[in-house]
Structure formats: C-alpha cells, structure tokens
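> Please read through the structure below; I'll follow up with questions.
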Amino acid sequence: MTALVLALAAAVGLLALLVAGVLRSHAEILRVLHELGVEQDDLFGPGGQPVPGPALARRPGVAVTDVAGSTPAGGAVHVGVVGAPHPTLLAFLSTGCAACTPFWEGLGGRPLELPDPATRVVVVTKGPEAESPADVTALANPDVKLVMSTAAFEEYQVPATPYFVLVDGPTGTVAGEGSAAGWAQLTGLARRAGRDRRARRRFADRQRDTDAELAAAGLEPGDPALRPRPRA
C-alpha cells in the first residue's frame with residue numbers, strides 16, 4: 001500500500017512538472033508574439049477557434065516587378081513598386097473570401113498603423129474574368145489604390161487570399177510576405193520584415209566598406225594574400 005501511494009505521489013509530481021513546463025512555454029510564446037505586435041485576441045476567433053497566424057518571409061531579397069492591370073471601371077492602371085522611394089504593401093484580396101473581410105473593412109477605417117508610415121498600400125484582386133468589378137467597387141476604399149490583375153497573382157506566386165507582400169521600393173525586392181488574420185498580425189509581419197531588411201542592408205554596407213578598404217590597400221576580393229598561410 002505504501003509503495004502504491006509513493007508511486008502515485010511520484011506520478012502527480014511528474015505531471016505537475018510537465019504542466020508547469022507547458023505553462024512556461026505558453027507564456028514565452030505570448031511574450032514573443034506581443035513583441036511582434038500580435039495579441040492573444042488576434043490568435044482566436046469567435047468560439048475560441050484558432051485563426052491563421054502570420055507567416056514569415058518566404059523569399060526575402062527576391063526581385064519583383066511592377067503591378068499592372070485594370071480598375072473596376074475598366075481603365076488601365078500601372079503601379080510602380082520597383083524603384084519607389086518608399087515600401088509598398090501589396091494586399092492580395094478576394095471578394096468571395098471570408099478571411100478577407102476584416103481587411104476590406106479595415107481599409108475604410110482609421111489609417112493603418114504600419115511600422116513605416118511612408119508605406120503605400122495597394123489592393124490587388126484578380127482580373128474581371130475572375131472577380132466581379134461591381135463587388136470589388138462595393139468593398140474597395142476609393143482612397144486606396146486598387147488593381148485588378150490575375151497576372152500579378154501569378155507573378156508574385158500568391159498561394160491563396162488574403163496574402164500580403166511587402167516590397168522594398170529602392171531595391172525592388174521582397175522584404176517580407178505571408179498571410180494574416182487581421183491588421184494587427186500583419187503589422188507584426190511588417191515589423192519583422194523591416195528588421196530583416198535593415199539587417200541585410202547593414203550587412204551589404206559592411207561588405208562594400210570592406211571591399212573599398214581592401215581596394216585602397218591594393219587588394220581585390222579573392223587575393224591570395226587574404227588567405228591564411230598553412231603552418232609548416
């Protein structure tokens with residue numbers, strides 16, 4: 001009987017340790033998400049059902065192209081994102097996508113609190129052959145640039161809607177991309193992409209400075225004098 005009580009006590013103690021570990025891990029995850037601008041309420045929808053979280057950048061540094069298509073009224077439109085002095089957030093949305101509703105509604109509210117206030121937001125839907133121009137007009141905000149372009153979905157390899165691509169204008173490359181369930185999660189994605197972009201720029205600047213110093217000393221990258229000599 002004593003052995004059974006001891007075994008039960010040991011099992012309860014082990015279970016308590018496991019629960020404590022899970023709670024600590026959960027608290028750490030929430031802390032990291034909070035630092036990224038994602039709150040717990042953004043992770044769960046009505047009834048406590050989990051919602052899709054933001055994805056990390058898939059292709060940072062990949063070159064992109066400008067976005068061209070048509071307006072819901074049928075006019076041609078071209079949005080230059082490559083070489084722009086500011087970042088551009090391409091919001092790929094659909095009129096028949098339930099998960100897109102918070103983003104359509106958010107476009108008509110207060111200004112979006114993106115990490116870089118200079119970021120330009122451009123909504124992209126598929127072309128008139130796949131989307132109803134009337135439905136797009138009903139949901140769109142006239143103050144936000146909108147392009148109907150199926151070709152843009154293909155060029156940017158959009159897997160599903162809603163999907164977002166943050167373009168670094170000066171370099172014409174992807175700074176970050178992914179999906180989110182709300183603007184708060186998207187802000188966290190943009191903030192992380194901005195940090196990654198600045199880190200890549202600092203690394204590139206250091207490389208250029210190092211190459212310049214070596215050139216001033218009469219050394220070129222790959223010069224044998226830069227390789228360590230093997231010990232005798």
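The values are calculated or read from the model by the stated rules, or taken from the named source; none is laboratory data. Nothing here was measured: the structure is a model prediction, and the numbers come from that model. Cβ: placed from backbone, ideal geometry, glycine included. Neighbour counts: every protein chain shown. Note: accessible area is taken over every heavy atom of the protein model, side chains too, but ligands, DNA and RNA are not part of it. Shrake-Rupley method; radii C 1.70, N 1.55, O 1.52, S 1.80 Å.
> Is it the case that some residue within region 113-131 is surrounded by fewer than 20 Cβ atoms within 10 Å (Cβ to Cβ), at pLDDT 90 or above and assigned to a helix (DSSP H, G or I)?
There is no residue in region 113-131 that is surrounded by fewer than 20 Cβ atoms within 10 Å (Cβ to Cβ), at pLDDT 90 or above and assigned to a helix (DSSP H, G or I).
> Continuing with the same structure: Being surrounded by 13 or more Cβ atoms within 10 Å (Cβ to Cβ) and of a type in the set (Asp, Glu), is that true of even one residue in region 92-111?
Restricting attention to region 92-111, the residues satisfying the condition of being surrounded by 13 or more Cβ atoms within 10 Å (Cβ to Cβ) are 92-95, 97, 99-104, 106-107.
Adding the requirement that they be of a type in the set (Asp, Glu) leaves none.
No, region 92-111 has no match at all.
> Same structure, new question: Considering only region 133-149, state which residues are among the small types (Gly, Ala, Ser) and closer than 14 Å to CYS100 by Cβ.
Taking region 133-149 as the starting set, the residues that turn out to be among the small types (Gly, Ala, Ser) are 134, 138, 140, 149.
The answer is ALA138, ALA140.
> Next up: Can you tell me how many residues within region 163-175 are in a strand (DSSP E or B) and either closer than 16 Å to ALA118 by Cα or open to solvent by 10 Å² or more (accessible area, probe 1.4 Å) (or both)?
Our first condition is that a residue be in a strand (DSSP E or B); within region 163-175, this holds for 163-168, 173-175.
Next, from what is left, pick out any that are either closer than 16 Å to ALA118 by Cα or open to solvent by 10 Å² or more (accessible area, probe 1.4 Å) (or both): 163, 165-168, 173, 175.
Result for region 163-175: 7.
> Scan region 70-91 residue by residue and report those that are more than 14 Å from VAL136 (Cα to Cα), of a type in the set (Gly, Ala, Ser) and either modelled with pLDDT under 90 or open to solvent by 60 Å² or more (accessible area, probe 1.4 Å) (or both).
ALA76
> Would you check if PRO142 is within 20 Å of PRO72 (Cβ to Cβ), free of Cβ contacts under 8 Å to residues at least 40 places away in the same chain and either in a loop (DSSP other than H, G, I, E, B) or of a type outside the set (D, E, K, R) (or both)?
yes
> Could you list, in sequence order, the residues of region 141-162 that are at pLDDT below 95, touching a Gly at 6+ places or on another chain (Cβ under 9 Å) and crowded, with 22+ Cβ neighbours inside 10 Å?
Answer for region 141-162, where residues must be at pLDDT below 95, touching a Gly at 6+ places or on another chain (Cβ under 9 Å) and crowded, with 22+ Cβ neighbours inside 10 Å: there is none.
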